[in-house]
Amino acid sequence: MKDIAEFLFTAAMLRRTPRSGLQFLGSGKESVAEHVFQAMIAAYALVKMEHERGIDVDEKKVLMLCLLHDMLESRTGDHNYVNKKYVTVDETKALNDMCRPLFFGDEIKDLVTEFEDKKSVEAQLAGDADQLALIVLVKEQHDLGNPYARKWLTVARQRLLTESGRTLGRSLDESDWAAWWFSKESNEWWVNGKVKGELD
């Protein structure tokens, strides 16, 4: 039980681990844990899109890949694309140290390795979910006026591997991040606290 408790405390560090790339964007902030949550939501949507297209994918595996894809950052911190030019992170040691005490450690290692390899359709969908989570955040910053966000959106969309990922990425890019809650149709609600024809 002590080993599992320590694993949970390790995972909790992701709440306190900032996504470091945003310092170069100049706006926005997010913890790794917040990013993982957004990636899992994107992964869930992608799996449903695949199923709608008649493509059989393992939903549980895609979600597990997303859940665990950044677990190592609880030990290594988040290293962005600029950092990675100059800093070498021993991810193998971090993965081994994290997994060794756990009776389910080999499963975690297999999932992290599969995510990194991007060979299976599940890993490709999880990788797309990772990028879509970034796109959601960066599109918000773009719509709020950050002039550098457009370049980030272009690059993130180029990383998408699946048809469903590219379709959803394009839709996110073409949508207004606030349209779902602050639309022209809802103006009366924002002014009067009710919509036309609604009873008091």
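No lab work stands behind these numbers, since they all come straight from the coordinates. What you see is a predicted model; the values in this text were computed from it and never measured. Heads up, the Cβs are rebuilt from the backbone with ideal geometry, glycines too, and the neighbour counts pull from every protein chain shown.
Points to keep in mind about this one:
- When each of the peptides 172-181, 122-131 is scored by how many other beta carbons lie within 10 Å of its residues on average, the order from highest to lowest is 122-131, 172-181.
- Of Lys61/Lys109; Lys60/Lys119; Lys61/Lys139; Lys29/Lys139; Lys84/Lys139, pairs whose Cα-Cα distance is over 19 Å: Lys61/Lys139; Lys84/Lys139
- Dipole magnitude (debye, nearest 20) for the chain, charges at Cβ of Lys, Arg, Asp, Glu: 660
- Assuming charge only on the beta carbon of Lys and Arg (+1) and of Asp and Glu (-1), the dipole of region 1-91 about its Cα centre is about 300 debye to the nearest 20.
- For Ser31, the residues whose modelled amide H falls within less than 5 Å of its own, excluding neighbours fewer than 5 places apart on the same chain, are Arg19.
- Packing-based ranking of 65-77, 140-152 yields 65-77, 140-152, ordered from highest to lowest mean Cβ neighbour count within 10 Å.
- Considering only Met98, Val136, Phe115, and ranking their Cα positions along the charge dipole of region 21-160 that arises from unit charges at the beta-carbon of Lys, Arg, Asp and Glu, the one farthest toward the positive end is Val136.
- Inter-probe distance in nm under a simple model that places probes 7 Å from Cα toward Cβ, at Asp58 and Asp3: 2.2
- Treating each Cα of region 102-187 as one equal point scatterer and applying the Debye formula with no solvent, the log10 of I(q)/I(0) at q = 0.14, 0.20, 0.21 Å⁻¹ comes out as -0.59, -0.89, -0.94.
- The angle between the Cα long axis of helix 121-143 and the main principal axis of the chain comes to about 50°, on a 0 to 90 degree scale.
- Going from the residue with the fewest nearby Cβ atoms within 10 Å to the one with the most, Ile55, Ile135 rank Ile55, Ile135.
- q = 0.17 Å⁻¹, region 2-178: log10 I(q)/I(0) [Debye, one scatterer per Cα]: -1.12
- Axis angle, to the nearest 10 degrees, between helix 2-12 and the longest C-alpha principal axis of the chain: 40 degrees.
- Span per principal axis, largest first, for the Cα atoms of region 1-104 (Å): 42, 42, 22
- Listed residues Ala179, Leu25, Gly127: farthest to the positive end of the dipole of the chain (Cβ charges): Leu25
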